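Enquirer: Take this structure, written in structure tokens, and hold onto it; I'll ask about it next.
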Amino acid sequence: MSRSALVGNITAMLEDAGFLVSDRCAIRPKSFDIAARRGEDLVLLKILGNVDALDKMTGAEMRRLGAYLDATPLVIGVRTRDEDLKPNVVYFRHGVPVLSPDTAMDLFVEGVPPLIYAAPGGLYVNIDGDLLADEREERGWSLGRLATELGVSRRTVSKYEDGMNASIEIAIQLEEVFDEPFSSPLEVMEGAESVRDSEPTPDDPDPDANDEHVVHVLTRAGFTVHPTARAPFKAVGEDDDHRHGVMSLLTGHSSFTKSAKKRARIMSSLGEVTQTRAVYFTETDAKQDAVKGTALVSCAELTNIEDPAAIRDLIRERSQKPTEA
């Protein structure tokens with residue numbers, strides 16, 4: 001199956017599951033292919049045939065965007081270089097959770113989260129340590145007795161009860177011994193953080209030299225600006241406007257060309273899904289106020305506005321006007 005067909009299938013699956021799905025980010029650079037929202041759940045999805053194609057820089061960008069937009073970065077893919085992805089298993093690439101299409105279907109359509117995750121050394125599960133301790137004590141078994149049943153050390157059993165995860169083989173043994181499962185679902189929509197090493201969000205990249213004056217003006221207007229490296233937009237901006245509440249922005253910047261207009265349309269779709277405003281700063285006069293939901297503001301206009309509040313008002317006004325396609 002081509003990647004384009006795979007993206008189409010995943011989009012259709014998410015829409016069937018009740019998600020609002022953005023237009024495909026058919027431009028470069030792009031660290032993700034689509035954004036999708038259902039209620040409070042927002043996901044940024046990279047869709048790949050071979051998940052090993054996700055490089056470190058793209059993984060870092062996805063994690064940054066997840067932090068900026070309160071979203072879960074997620075890869076859906078078919079295989080690694082060596083094998084097909086297994087169903088009901090969460091993999092990781094550069095700190096980003098990875099699912100097969102079948103696992104994604106179970107999670108988003110059926111509401112059944114995965115139980116297993118892949119890590120160096122094999123497949124593992126979350127063990128409910130409190131439940132395990134209760135069941136062991138109810139049987140009157142010592143830590144040593146259970147350790148003998150499992151073929152592990154007494155200290156290892158103690159660690160399971162303290163919350164250490166277990167191999168899938170141990171999980172199966174526990175289920176056979178007690179005739180009930182002890183594994184807990186993985187919280188994929190929280191980044192499956194409980195089963196991977198906690199890593200800080202990667203630092204922001206430096207802004208492109210051509211964008212520095214836009215970043216400066218937005219910063220002066222009260223926005224915290226996070227430059228991007230591989231997103232379909234140049235930056236994410238956040239501003240706590242006490243008159244109107246928090247305003248979050250996706251920003252673009254270039255001359256107003258046919259390519260810029262295409263990017264502005266995609267930013268509009270992303271803004272709708274991520275619940276942010278999109279604004280494109282143009283080096284040339286666009287002769288229109290907006291493209292779909294993306295406000296257009298010329299850099300000359302920015303230079304002439306002294307009042308920081310007026311910049312926020314201009315963006316708000318133009319992003320709400322009837323717009324051209």
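The values are calculated or read from the model by the stated rules, or taken from the named source; none is laboratory data. None of these values were measured; they are calculated from a predicted model. As a convention, Cβ positions derive from the backbone with ideal geometry for all residues, glycine included, and neighbour counts pool all protein chains shown. Ligands, DNA and RNA are stripped out before the accessible areas are found, and what is left, the full protein with its side chains, is counted by its heavy atoms. Shrake-Rupley method; radii C 1.70, N 1.55, O 1.52, S 1.80 Å.
Enquirer: Could you list, in sequence order, the residues of segment 1-24 that are open to solvent by 30 Å² or more (accessible area, probe 1.4 Å), over 16 Å from GLU110 (Cβ atoms) and not polar (S, T, N, Q)?
Expert: Scanning segment 1-24 gives MET1, ARG3, ALA5, GLY8, LEU20, ASP23, ARG24.
Enquirer: So, one more: Please find, among LEU115, LEU123, the residue that is open to solvent by 20 Å² or more (accessible area, probe 1.4 Å) and under 22 Å from the mean Cα position of the chain (by Cα).
Expert: LEU115
Enquirer: May I pose another question? Looking only at residues in segment 81-130 that are hydroxyl-bearing (Ser, Thr, Tyr) and free of Cβ contacts under 8 Å to residues at least 60 places away in the same chain, which one is nearest to GLU193 (Cα to Cα)?
Expert: Result: TYR91.
Enquirer: Output the residue which, of all residues in segment 285-306 that are surrounded by fewer than 15 Cβ atoms within 10 Å (Cβ to Cβ) and modelled with pLDDT under 85, is farthest from LEU218 (Cα to Cα).
Expert: Among residues in segment 285-306 that are surrounded by fewer than 15 Cβ atoms within 10 Å (Cβ to Cβ) and modelled with pLDDT under 85, the one farthest from LEU218 (Cα to Cα) is LYS287.
Enquirer: Return yes or no: is LYS30 assigned to a loop (DSSP other than H, G, I, E, B), within 14 Å of the chain's Cα centre (by Cα) and outside the structural domain of GLU272 (by the TED database)?
Expert: Judged against the criteria, LYS30 is a match.
Enquirer: If you take the residues of segment 139-161 that are of a type in the set (D, E, K, R) and closer than 24 Å to PRO185 by Cβ, which of them is surrounded by the fewest Cβ atoms within 10 Å (Cβ to Cβ)?
Expert: LYS159
Enquirer: Another question, then. What do you reckon, is ARG136 outside any loop (DSSP other than H, G, I, E, B), open to solvent by 90 Å² or more (accessible area, probe 1.4 Å) and not assigned by the TED database to the domain that holds ALA310?
Expert: No: the conditions fail for ARG136.
Enquirer: Next question, about the same structure. Here's a check for you: in segment 77-112, which residue that is more than 15 Å from ASP52 (Cβ to Cβ) and of a type in the set (D, E, K, R) is most open to solvent (accessible area, probe 1.4 Å)?
Expert: Ranking the candidates gives GLU110 first.
Enquirer: Could you list, ordered by first residue, the pairs with Cβ atoms under 9 Å in which the first is in segment 284-298 and more than 22 Å from ASP23 (Cα to Cα) and the second is of a type in the set (Asp, Glu) and open to solvent by 10 Å² or more (accessible area, probe 1.4 Å), at least 6 apart or interchain?
Expert: GLN288/GLU324; VAL297/ASP289; SER298/GLU283; SER298/ASP285
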